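S.K.: Please find one structure pasted underneath; my questions will follow.
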Amino acid sequence: MSVRDALTSRRSVRAFRPDPIPTAIVESLLELASSAPSNSNTQPWRVHVVTGAAKAALTAALLTAHDNPDNLRQRDYEYQPNPEDWCEPLKSRRRRFGETLYSDVLGIDSEDTPARVEHHRRNYDFFGAPVGIILTVNRHALDGALIDAGLFLQALMIAARAAGLDTCPQASFIDFSPTIRTQLDIDIDQRIVCGLALGHADGSNRLSRCMTTRQPVSTFTRFHSS
């Protein structure tokens, strides 16, 4: 698969087949992703791969935390992922994505909070993917390490797509960073950035119809020549 094809066919998959992915393949993808650039080649990323019983235990712990109303009111973010109120045009794009996912694909009404919550809980099982990944970066590197993390994450997703696999980057995991830190014994000097589901997309699931669009280059680019 060409780089172009890998980029244009990559999407955030929210329904996976349970087919296991050999550890050797995961290792090869991580090796490719480690080619990503980082500030002064500091390579601040660390990766925790969970499968089988370890993944099931992490999912159980996260769902327990999710279903605790006190945790939902007092989430302990390691960095602030979202503004309190989105500005335009970001707000409209975000709303349209929500409408596509919940209304158009899942058929869940905007007022049906229980159904929306039930779908959101699927995040913590990595949407059924056989491989779950938690990405962290060294806290000492400050916010610049988040750029490095993004570069590593994109490289990993494109490498996976080129290998015929699918992914979904998941910011939802940082809602319960203390639970992840305890479950996976992550050092305090590591900041938890996000999760990533890895596997084969379940094309028979209605969620496979969830497609997003991109803005044309002219809407976000200015060429300066004089």
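The values are calculated or read from the model by the stated rules, or taken from the named source; none is laboratory data. Everything numeric in this text was worked out from a predicted model, so none of it was measured. Neighbour counts are summed over all protein chains in view; Cβ atoms, including those assigned to glycine, are modelled from backbone coordinates with ideal geometry. Surface areas here come from the heavy atoms of the whole protein model, side chains and all, with no ligands, DNA or RNA. Shrake-Rupley method; radii C 1.70, N 1.55, O 1.52, S 1.80 Å.
S.K.: Just one of (1) part of a helix (DSSP H, G or I); (2) open to solvent by 80 Å² or more (accessible area, probe 1.4 Å); (3) of a type in the set (A, V, I, L, M) trips up MET211, so point out which.
M.R.: The number of the failed condition is (1).
S.K.: Could you check, for the stretch 205-224, whether at least one of its residues is modelled with pLDDT of 95 or more and among the aromatic types (Phe, Trp, Tyr)?
M.R.: There is at least one residue in the stretch 205-224 that is modelled with pLDDT of 95 or more and among the aromatic types (Phe, Trp, Tyr).
S.K.: Tell me, yes or no, whether the stretch 103-114 has at least one residue that is within 18 Å of the chain's Cα centre (by Cα) and either within 29 Å of ALA162 (Cβ to Cβ) or in contact (Cβ under 8 Å) with a residue 12 or more places away in the chain (or both).
M.R.: For the stretch 103-114, residues within 18 Å of the chain's Cα centre (by Cα) and either within 29 Å of ALA162 (Cβ to Cβ) or in contact (Cβ under 8 Å) with a residue 12 or more places away in the chain (or both): absent.
S.K.: Is it the case that PHE176 is modelled with pLDDT under 95, out of contact with any Gly (no Cβ under 8 Å at 6 or more places or on another chain) and within 15 Å of VAL50 (Cβ to Cβ)?
M.R.: Spelling it out, PHE176 is indeed modelled with pLDDT under 95, out of contact with any Gly (no Cβ under 8 Å at 6 or more places or on another chain) and within 15 Å of VAL50 (Cβ to Cβ).
S.K.: Also, quick follow-up: Return the pair list, or none, for Cβ contacts closer than 6 Å from residues in the stretch 177-196 that are more than 19 Å from ASN123 (Cβ to Cβ) to residues that are surrounded by fewer than 21 Cβ atoms within 10 Å (Cβ to Cβ), at least 6 apart or on different chains.
M.R.: These pairs meet every condition: ASP189/ARG139; GLN190/ARG46; ARG191/GLU78; ARG191/ARG139.
S.K.: How many residues, within the stretch 157-205, are part of a helix (DSSP H, G or I), open to solvent by less than 20 Å² (accessible area, probe 1.4 Å) and out of contact with any Leu (no Cβ under 6 Å at 6 or more places or on another chain)?
M.R.: Looking only at that region, the number is 7.
S.K.: In the stretch 1-59, how many are outside any loop (DSSP other than H, G, I, E, B), surrounded by 16 or more Cβ atoms within 10 Å (Cβ to Cβ) and basic (Lys, Arg)?
M.R.: 2
S.K.: Looking at this structure, is PHE126 on the phi > 0 side of the Ramachandran plot, in contact with a strand residue (DSSP E or B) (Cβ under 9 Å, 6 or more places away or on another chain), assigned to a helix (DSSP H, G or I) and crowded, with 19+ Cβ neighbours inside 10 Å?
M.R.: yes
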